[in-house]
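Undergrad: Dropping the structure in here first, questions after.
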Amino acid sequence: MTLEEAIKDEMILTRRADIIELLEDYGELSKELYDRVMSESNIDILKAMLKAVVKADSLEQFEELISNL
């Protein structure tokens with residue numbers, strides 16, 4: 001693994017953790033939602049998810065915002 005790949009992997013792990021942590025402020029995550037976030041490996045989609053969680057007022061609204069990603 002190159003240094004660039006290691007950095008990208010770390011960014012993905014950090015972004016996933018940030019999204020989950022912010023979502024937990026709205027309540028307990030369903031297994032499906034947790035798995036959706038944790039299985040995502042596209043950094044651009046994770047970036048969009050992070051923006052969506054900041055815009056959302058609830059878990060339901062977050063799920064609506066990411067439904068087309």
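Undergrad: Out of the residues in region 6-21 that are open to solvent by less than 70 Å² (accessible area, probe 1.4 Å) and among the hydrophobic types (A, V, I, L, M, F, W, C), state the one that is nearest to ALA52 (Cα to Cα).
TA: Restricting attention to region 6-21, the residues satisfying the condition of being open to solvent by less than 70 Å² (accessible area, probe 1.4 Å) are 6, 9, 12, 14-20.
Keeping just the survivors that are among the hydrophobic types (A, V, I, L, M, F, W, C) gives 6, 12, 17, 19-20.
Details: ALA6: 26, ILE12: 16, ALA17: 15, ILE19: 9, ILE20: 12 Å.
Among them, the one singled out is ILE19.
Undergrad: Where in region 1-58 are the helices (runs of 4 or more DSSP H), entirely inside, with at least 2 residues that are of a type outside the set (A, V, I, L, M, F, W, C), free of Cβ contacts under 8 Å to residues at least 40 places away in the same chain and over 15 Å from LEU69 (Cα atoms)? If you could, list the steps in order and put the result at the bottom.
TA: Working: elements: 3-23, 31-39, 43-55.
The qualifying helices (runs of 4 or more DSSP H) are 3-23, 31-39.
The values are calculated or read from the model by the stated rules, or taken from the named source; none is laboratory data. Only a predicted model underlies this, so the values are computations on that prediction, with no experimental measurement involved. Glycine gets a Cβ as well: all are built from the backbone with ideal geometry, and neighbour counts include every protein chain shown. Areas reflect the complete protein model, heavy atoms only, side chains present, ligands, DNA and RNA absent. Shrake-Rupley method; radii C 1.70, N 1.55, O 1.52, S 1.80 Å.
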